[in-house]
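One structure is given here, and the rest of the page talks about it.
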Amino acid sequence: MDSSEAIFKGIKDAGINFIVSVPCANLKKLLIMIDEDDTITHIPVSREEEGLGICAGAYMAGKKTAILMQNSGLGNCVNALCSLYELYSFPLVMIMSHRGTEGESIIGQVPMGRATPHVLEALNLEFAKPQAIQEAYDTVKNSWIKSTTDKKPFSVLLEIPYWKLKEEE
């Protein structure tokens, strides 16, 4: 199982059946796997806060929701996370390609990479930063239960080195 397959398997085993996404190179293989799965509704969006609104509606219609995005879009989501998700205690799994971390080749990604955990903490949102394939699978698999129990979004931050992991022996 490689890094993308672990996340996909975790999504499936969590029962997540509705995903919105904003493109990211690190999510490319995962998004293809999601598109090929007939049991998951996948809606690509152009902006992250648009995705949060769509996920809120899908949740109210009985879906188990997630958003896949780059952490740089977290700043676009702050108002929706506070005025919609916090206010109405909606669950959501946020799977983020955490750019601007170790190994980042684009200097413009670094400031938001550093800020991402602090933004989530300021919003009082829990997150995990799995470093290994099995750890990532376990985190994603348990993310929906955690989010529904806590009645708020839960984030999985997948840093650049994570995406370079190969099959575990």
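The values are calculated or read from the model by the stated rules, or taken from the named source; none is laboratory data. Predicted, not measured: the structure shown is a model, and the values here were computed from it. All Cβ positions, even for glycine, are placed from backbone atoms using ideal geometry, and neighbour counts span all protein chains on display. For accessibility, only protein heavy atoms count, side chains too; no ligands or nucleic acids. Shrake-Rupley method; radii C 1.70, N 1.55, O 1.52, S 1.80 Å.
Worth a mention:
- Residues that are open to solvent by 10 Å² or more (accessible area, probe 1.4 Å) and basic (Lys, Arg) number at least 2 in the following helices (runs of 4 or more DSSP H) confined to region 1-104: 3-14, 28-35.
- Total residues in region 151-169 satisfying the condition of being farther than 20 Å from Ser72 by Cβ and either at pLDDT below 95 or open to solvent by 60 Å² or more (accessible area, probe 1.4 Å) (or both): the figure is 6.
- Hey, Trp144 of a type outside the set (Gly, Ala, Ser), over 18 Å from Ala14 (Cα atoms), touching a residue at least 60 places away in the same chain (Cβ under 8 Å) and open to solvent by less than 50 Å² (accessible area, probe 1.4 Å) or not: no
- For region 118-141, the set of residues classified as open to solvent by less than 60 Å² (accessible area, probe 1.4 Å), within 20 Å of Ser3 (Cβ to Cβ) and of a type outside the set (Val, Ile, Thr) consists of Phe127, Ala128, Pro130, Ala132, Ala136, Tyr137, listed by residue number.
- Flag for Asp35 being of a type outside the set (Gly, Ala, Ser), free of Cβ contacts under 8 Å to residues at least 24 places away in the same chain and farther than 18 Å from Met94 by Cβ: yes
- Verdict on Ala136 being within 17 Å of Cys82 (Cβ to Cβ), among the hydrophobic types (A, V, I, L, M, F, W, C) and in a helix (DSSP H, G or I): no
- Within region 82-114, the residues that satisfy the criterion of being small (Gly, Ala, Ser) and in contact (Cβ under 8 Å) with a residue 24 or more places away in the chain are Ser89, Ser97, Gly100, Gly103, Gly113.
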